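Readers should treat all values here as calculations from the given coordinates under stated rules, not as data from a laboratory. Since this is a predicted model, take the numbers as computed values, not measurements. Glycine gets a Cβ as well: all are built from the backbone with ideal geometry, and neighbour counts include every protein chain shown.
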Amino acid sequence: MKYLDEKILKDGKVLDGNIIVVDSFLNHQVDVEVLEAMALDAKEYFKDTEINKILTIESSGIAIAAIFARVFKVPFVFAKKSSSRNLDKDKYVTMVKSFTYKTEYPVAVAKRFLNEGDKVLIVDDFLAEGNAAYGLIDLCKQAGADVAGINIAIEKAFQNGGKNLRADGYKLYSQSIIDRFEDGQVIFR
């Protein structure tokens, strides 16, 4: 998606450790025009795919999922990273390791929001090693829901997540694919 690539070049910042910061438009301050363009692009890509629910993980995926849900005209659900007293006791739980924060944590979805037979589009902001995606896939498996596709805003192709998800047969659409960082610059695939 050329538009997203251009936005990353204009407003993104490359940090040491193969980290790209896009907090001015994607995952801290949110530019809804960027998200809407992403959602419309995804809608076109998945036009022949039955989708009745969107699933993401808190917190960065929530804004993306909300706009996607509006464009796809389906509800979205987000997996919660922390247990709270208002989260149903009857829930699906899995463990996810964060590449960014180098920690593992449980994520959960109330069973009443993820159902057998759901056709789920998983959405998230980044794909590095694929840990969040595989955690969400596990929640879908526990529910008997089908993963219809996975939409990622930014894939780091030099890490294994995208390669592994594709090898496992998932319909993965990464809207911007970073091949590598070179001298502090982003090189797209």
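Quick rundown of the values:
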{"quantity": "Cα centroid separation - the range 1-21 against the range 151-189, whole Å", "calculated": "13"}
{"quantity": "At most 12 other Cβ within 10 Å, DSSP loop - trypsin sites (Lys or Arg not before Pro), the range 97-138", "calculated": "Lys102"}
{"quantity": "Positive-pole candidate from Ala148, Ile64, Ala108, dipole of the chain, charges at beta carbon", "calculated": "Ala108"}
{"quantity": "When the chain is reduced to its Cα atoms, the Kirkwood hydrodynamic radius in Å", "calculated": "16.7"}
{"quantity": "Only Lys, Arg (+1) and Asp, Glu (-1) charged, at Cβ; the range 2-188 dipole about Cα centre in debye", "calculated": "660"}
{"quantity": "Counting DSSP beta bridges with both ends in the range 2-188, the antiparallel % (nearest 5)", "calculated": "45"}
{"quantity": "Value of [θ]222 nm, deg cm²/dmol, for the chain, DSSP H segments ≥ 4, -39500 (n - 2.57) each, nearest 500", "calculated": "-9000 deg cm²/dmol"}
{"quantity": "The chain: most fluctuating residue of Gly161, Gly12, Gly169 per GNM, C-alpha cutoff 10 Å", "calculated": "Gly169"}
{"quantity": "Amide H within-cut-off set for Asp118, under 5 Å, with H built and near neighbours excluded", "calculated": "Asp146"}
{"quantity": "Ranked packing of 36-49, 147-160, most packed first, by mean Cβ within 10 Å", "calculated": "147-160, 36-49"}
{"quantity": "Angle in degrees between helix 131-143 and the longest Cα principal axis of the chain, rounded to the nearest 10", "calculated": "20"}
{"quantity": "Angle between the chain longest axis and helix 60-72 axis [Cα atoms, degrees, rounded to 10]", "calculated": "70"}
